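Take a look at the structure set out below.
Please treat every number below as a calculation from the coordinates, not as lab data. The shown structure was predicted, so the numbers you read here are calculated from the model rather than taken from an experiment. Here the Cβ positions follow ideal geometry from the backbone for every residue, glycine too, while neighbour counts run over all protein chains shown.
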Amino acid sequence: MLVNTTAEKLREMKLTTMAARLQAQERDDSLNALSFEDRLGLLVDEEYNARKSNRLKRLMRLAGFAYPGACLEDVEYRADRGLDKALITRLGSGGYIGDHRHIVLLGAAGSGKSYLACAFGAAACRDFRTVKYVRLPELMAEFAVARVEGTYRKMLKSLGKTDLLILDEWLLYPLQENESRDLLELMERRYQKASTIFCSQFDVGGWRGKLGPGTLAEAIIDRIIHDAYTIKIAGDDSMRKHKGIAASGGTERA
């Protein structure tokens with residue numbers, strides 16, 4: 001049949017959804033009344049939507065979120081948390097990424113910083129932006145391995161081009177001078193070119209003592225705070241404790 005031949009050609013061109021729907025249309029008598037243009041439009045829409053959906057799934061997978069199911073709609077705005085719903089909603093629209101600005105999330109352990117960061121990241125993926133989530137200790141280890149393997153510059157280039165980089169456990173421990181230099185190189189590549197979310201238990205004033213020599217620390221901080229939105233999650237009440245969810249679980253809410 002001509003339809004089957006056409007479907008095979010569509011599959012050969014990697015238009016698999018369109019091919020499947022074309023054959024389905026042939027079996028659906030309710031579509032006989034539609035014009036050629038309408039039926040073609042349906043085929044194109046379904047192929048287009050399938051490709052967008054697959055692209056979103058790929059972006060979410062490559063982002064490597066700690067909480068892949070995080071979404072801004074599930075953020076809790078209890079009064080004791082001190083969260084500005086209007087600001088978070090506005091940031092969720094992604095304008096800060098287009099403006100190449102950063103977000104600094106501050107709060108105690110278990111306060112929901114990681115979840116909120118992943119929720120911002122998921123919103124960015126839905127805008128089809130590239131996102132990468134990584135714990136700072138893991139990133140420092142990856143830099144060390146990249147130096148040994150000769151892929152350091154390639155790694156920097158890739159991270160520099162990522163639309164949104166999420167750095168969790170930011171400065172949880174003091175960095176060695178070589179680690180701070182790696183961090184400065186990364187911040188320089190992303191400065192006014194891409195956005196970063198920093199999740200930290202420490203206020204900015206506490207960063208200086210963890211970033212090495214004074215001038216190095218100031219250079220890194222200078223490339224962050226002047227273009228950053230700061231969100232403080234108030235209170236000592238752990239969201240994990242509040243929800244009764246283990247720290248290793250993937251269903252924590254912010």
TODO: Mind running the shape call on the stretch 191-233? Use the C-alpha gyration tensor, a ≥ b ≥ c as the square roots of the eigenvalues: rounded below 1.5 for a/c, prolate if a/b tops b/c, oblate otherwise.
DONE: oblate
Task: Likely footprinting exposure, E37, E188, fewest C-beta neighbours within 10 Å first - done: E37, E188
Open item on the list: Hydropathy at least -1.0 by Kyte-Doolittle, axial extent at least 30 angstrom from the Cα trace: which helices of the chain, defined as entire DSSP H runs, fit?
Closed with: 36-63
TODO: Quickly work out the Y173-to-A144 label distance, labels modelled 7 Å from Cα along the C-beta direction, and quote it in nm with one decimal.
DONE: 0.9
TODO: Any chance you could check the Cα centroid distance between the stretch 94-162 and the stretch 183-211 for me, in angstrom?
DONE: 11
Task: Violating pairs (Cα-Cα greater than 24 angstrom) within the set K113/K157; K52/K232; K52/K132; K154/K193; K9/K57 - done: K113/K157; K52/K232; K9/K57
Open item on the list: Please arrange T16, T5 by how many other C-beta atoms lie within 10 Å of their C-beta, fewest to most.
Closed with: T5, T16
TODO: Rank A146, A228, A122 by mean-square fluctuation in a GNM of the chain with C-alpha springs under 10 angstrom and give only the top-ranked residue.
DONE: A146
- [ ] For F128 and K85, calculate 0.36 nm times their separation in residues minus their Cα-Cα distance, and state this gained length in nm to one decimal.
- [x] 13.1 nm
Open item on the list: About the Cα centre, and with charges only on the beta carbon of Lys, Arg (+1) and Asp, Glu (-1), how big is the dipole of the chain? Nearest 20 debye, please.
Closed with: 340
TODO: Report the calculated FRET efficiency for K154 and Y48 (r = Cβ-Cβ distance, R0 = 25 Å), to the nearest 0.05.
DONE: 0.15
Open item on the list: Contact order normalised by length for the stretch 64-243, with contacts defined as Cα pairs under 8 Å and 6 or more residues apart; what percent is it?
Closed with: 35
Open item on the list: Among N4, L15, N32, whose Cα projects farthest towards the positive end of the dipole of the stretch 2-61, with charges put on the beta-carbon of Lys, Arg (+1) and Asp, Glu (-1)?
Closed with: L15
